[in-house]
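Following: one structure in structure tokens, then a few remarks.
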Amino acid sequence: MDCKVASVCGGCRYRDMKYVDYCALKQKHFLDIVSPLISDGCRVNQPIFIADSSRRRASLAFELTKQGLVLGFNQKSSHQLVDVKECPLLTAGINQTLPFIRNLLCELGRTPCVIKKGKKSFSTFLTKGDVFVCEADNGIDLVLEYDMPLGLDHRMIIFEQSQTAGQVIRISHRANAFAPAETIIEKLHPTIKIGNYDVSIPAGTFLQPSSAGQKALTDLVLHYIKGCRGQIADLFCGVGTFSYVLADLPDVKITAVDSSADLLKGFSDSVNRNQIKNITIINKNLFKYPPDENELKNFSAIVFDPPRAGASSLCKSLASAGQKPGVVVGVSCNPATFVNDAKELISGGYTLQEITMVDQFIYSDHSELVAFFTKRDM
């Protein structure tokens with residue numbers, strides 16, 4: 001799909017390139033970053049490129065002005081918004097929902113909000129905020145994010161508008177990115193497929209940006225772990241993307257660890273709903289408290305998928321442990337921080353066997369990777 005705002009929008013830096021040239025450039029950037037890790041024995045696999053029009057989640061900013069509604073993404077190197085009528089990155093379902101989102105925001109913007117301060121109250125109007133949109137397997141999930149109260153009038157608008165949008169199955173509101181989301185209307189609970197399971201997703205939760213990208217990552221992880229038995233750790237597990245597929249392996253028990261109570265609650269509820277008996281979920285800050293040697297010696301394999309900051313503490317703990325897992329699979333959304341983590345593992349007795357780039361963020365500088373380490377004979 002052509003994009004009318006590609007020249008100004010900050011979302012697609014390389015959309016003006018021929019696709020074959022873009023792929024070559026992206027692969028070169030990736031290899032330049034990870035080159036310090038590549039030895040004669042390391043296999044660099046063919047990169048996996050996820051197709052355009054596959055992004056199932058997005059955060060769009062909005063602003064209501066006298067000239068009308070602006071809904072979209074930031075301009076390149078700017079906080080100015082680009083008005084986006086449709087986006088070639090997004091799924092067809094999300095693009096088809098954008099007119100509904102626009103109408104809903106305009107209706108909410110025309111209705112005053114009552115703000116109370118002590119004994120006084122005054123009226124004001126919604127002017128700006130964000131909309132988080134996710135296409136689950138059974139419909140569209142929306143989270144309206146702005147720091148204003150939802151009065152009865154606003155709730156009625158959301159309810160009435162939602163009845164005209166059959167594809168929208170849930171609408172929630174939260175004051176900011178750190179506040180809990182309140183469900184305003186839920187026709188169906190949004191679910192996605194991970195492995196063999198239908199997984200319920202909390203409002204505004206983090207997911208892999210595309211279902212195709214999710215499958216590419218889980219297939220790679222499963223390929224490297226499938227021969228392992230016993231205890232397997234899924235560290236920085238999030239909603240359990242890797243735990244679900246690993247749990248179906250024979251003779252394994254999965255220990256899934258993350259620090260986000262909200263993510264883990266949704267994960268736990270879904271595990272219980274699916275009656276998965278071999279996943280244990282632990283709430284723990286792995287940056288401050290990585291597993292020590294007594295814990296590490298119990299695992300035959302570890303999968304880790306940290307935020308962009310990387311997993312320095314974890315990798316240092318693995319490197320220094322006398323008894324350590326035989327297999328480590330690293331998943332990273334930041335190849336630069338991964339290089340530092342991988343150097344720790346290599347210096348501590350691991351060999352990097354394979355590495356694969358996964359390009360979920362098409363036409364951008366961002367890329368992901370999956371790397372396979374095995375323990376050297378010490």
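The values are calculated or read from the model by the stated rules, or taken from the named source; none is laboratory data. Here the structure is a predicted model, which is why all the values come from computation and not from measurement. Cβ sites come from the backbone with ideal geometry, for glycine too, and all protein chains shown count toward neighbours. Only protein heavy atoms, including side chains, enter the accessible area calculation; ligands, DNA and RNA are left aside. Shrake-Rupley method; radii C 1.70, N 1.55, O 1.52, S 1.80 Å.
The single residue among Asn278, Asn294, Asn283, Asn298 that is in contact (Cβ under 8 Å) with a residue 40 or more places away in the chain and open to solvent by 20 Å² or more (accessible area, probe 1.4 Å) turns out to be Asn298. If you filter the stretch 156-211 down to residues that are of a type in the set (S, T, N, Q) and assigned to a loop (DSSP other than H, G, I, E, B), you find that the one that is nearest to Val245 (Cα to Cα) is Asn196.
The listed residues are Lys375, Lys316, Lys343, Lys324, and the only one of them that is more than 30 Å from Arg57 (Cβ to Cβ), among the charged types (D, E, K, R) and open to solvent by less than 50 Å² (accessible area, probe 1.4 Å) turns out to be Lys324. How many residues are touching a helix residue (DSSP H, G or I) at 6+ places or on another chain (Cβ under 7 Å), of a type outside the set (Asp, Glu) and farther than 16 Å from Asp234 by Cβ if we restrict to the stretch 279-299? Here the count works out to 1. The conditions of being in a loop (DSSP other than H, G, I, E, B), under 23 Å from Cys42 (Cβ atoms) and either without any contact (Cβ under 8 Å) to a residue 60 or more places away in the chain or in contact with a Ser or Thr (Cβ under 7 Å, 6 or more places away or on another chain) (or both) are met by Pro325. When Gly238, Gly227 are checked against the criterion of being open to solvent by 40 Å² or more (accessible area, probe 1.4 Å), part of a loop (DSSP other than H, G, I, E, B) and more than 30 Å from Glu107 (Cα to Cα), Gly227 stands alone in meeting it.
Has the stretch 25-45 got at least one residue that is assigned to a strand (DSSP E or B), under 24 Å from the mean Cα position of the chain (by Cα) and not hydroxyl-bearing (Ser, Thr, Tyr)? Within the stretch 25-45, not a single residue is assigned to a strand (DSSP E or B), under 24 Å from the mean Cα position of the chain (by Cα) and not hydroxyl-bearing (Ser, Thr, Tyr). Annotation: Phe122 fulfils all but one of (1) under 18 Å from Ser270 (Cα atoms); (2) free of Cβ contacts under 8 Å to residues at least 12 places away in the same chain; the unmet one is (1). Across the stretch 11-33, the qualifying residues are those that are at pLDDT 95 or above and farther than 16 Å from Ile48 by Cα, and the one among them that is surrounded by the fewest Cβ atoms within 10 Å (Cβ to Cβ) is Asp32. On the basis of being out of contact with any strand residue (DSSP E or B) (no Cβ under 8 Å at 6 or more places or on another chain), open to solvent by less than 70 Å² (accessible area, probe 1.4 Å) and modelled with pLDDT under 95, does Thr111 make the cut? Yes. For the stretch 11-69, the set of residues classified as touching a residue at least 24 places away in the same chain (Cβ under 8 Å) and among the charged types (D, E, K, R) consists of Arg13, Arg15, Lys26, Arg43, Asp52, Arg55, Arg56, Arg57, Glu63, listed by residue number.
Tell me yes or no: at least one residue of the stretch 82-101 is within 20 Å of Pro209 (Cα to Cα), open to solvent by 70 Å² or more (accessible area, probe 1.4 Å), of a type in the set (S, T, N, Q) and in contact (Cβ under 8 Å) with a residue 40 or more places away in the chain. Among the residues of the stretch 82-101, at least one is within 20 Å of Pro209 (Cα to Cα), open to solvent by 70 Å² or more (accessible area, probe 1.4 Å), of a type in the set (S, T, N, Q) and in contact (Cβ under 8 Å) with a residue 40 or more places away in the chain, which makes the answer yes.
Out of the residues in the stretch 114-144 that are within 21 Å of Asn74 (Cα to Cα), among the hydrophobic types (A, V, I, L, M, F, W, C) and open to solvent by less than 20 Å² (accessible area, probe 1.4 Å), state the one that is modelled with the lowest pLDDT.
Taking the candidates together, the pick is Leu126.
Does Thr241 count as closer than 19 Å to Ile201 by Cα and not small (Gly, Ala, Ser)? If you could, list the steps in order and put the result at the bottom.
Values: closer than 19 Å to Ile201 by Cα: yes; not small (Gly, Ala, Ser): yes.
Taking the combined requirement at face value, the residue satisfies it.
Would you confirm whether or not the stretch 353-371 contains a residue that is open to solvent by 10 Å² or more (accessible area, probe 1.4 Å), under 27 Å from Asp52 (Cβ atoms) and of a type in the set (Phe, Trp, Tyr)? Scanning the stretch 353-371, I find at least one residue that is open to solvent by 10 Å² or more (accessible area, probe 1.4 Å), under 27 Å from Asp52 (Cβ atoms) and of a type in the set (Phe, Trp, Tyr), so the answer is yes.
Return yes or no: is Cys228 under 28 Å from Asp359 (Cβ atoms) and out of contact with any Gly (no Cβ under 9 Å at 6 or more places or on another chain)?
Here the answer is no, as Cys228 does not meet what is asked.
Within the stretch 46-74, if we keep just the residues that are in contact with a Cys (Cβ under 7 Å, 6 or more places away or on another chain) and under 22 Å from Gly109 (Cβ atoms), the residue that is most open to solvent (accessible area, probe 1.4 Å) turns out to be Phe73.
Residues of the stretch 160-216 that are open to solvent by 40 Å² or more (accessible area, probe 1.4 Å), closer than 19 Å to Lys265 by Cβ and among the hydroxyl-bearing types (Ser, Thr, Tyr): Thr183 alone. Put simply, of Gly330, Gly310 the only residue that is of a type in the set (Gly, Ala, Ser), surrounded by 22 or more Cβ atoms within 10 Å (Cβ to Cβ) and assigned to a strand (DSSP E or B) is Gly330. Of all residues in the stretch 142-160, those that are closer than 17 Å to Pro112 by Cβ have Cβ atoms under 9 Å from Cβ atoms of residues that are open to solvent by less than 30 Å² (accessible area, probe 1.4 Å) and among the basic types (Lys, Arg), 6 or more apart or on another chain, in Leu144/Arg174; Tyr146/Arg174.
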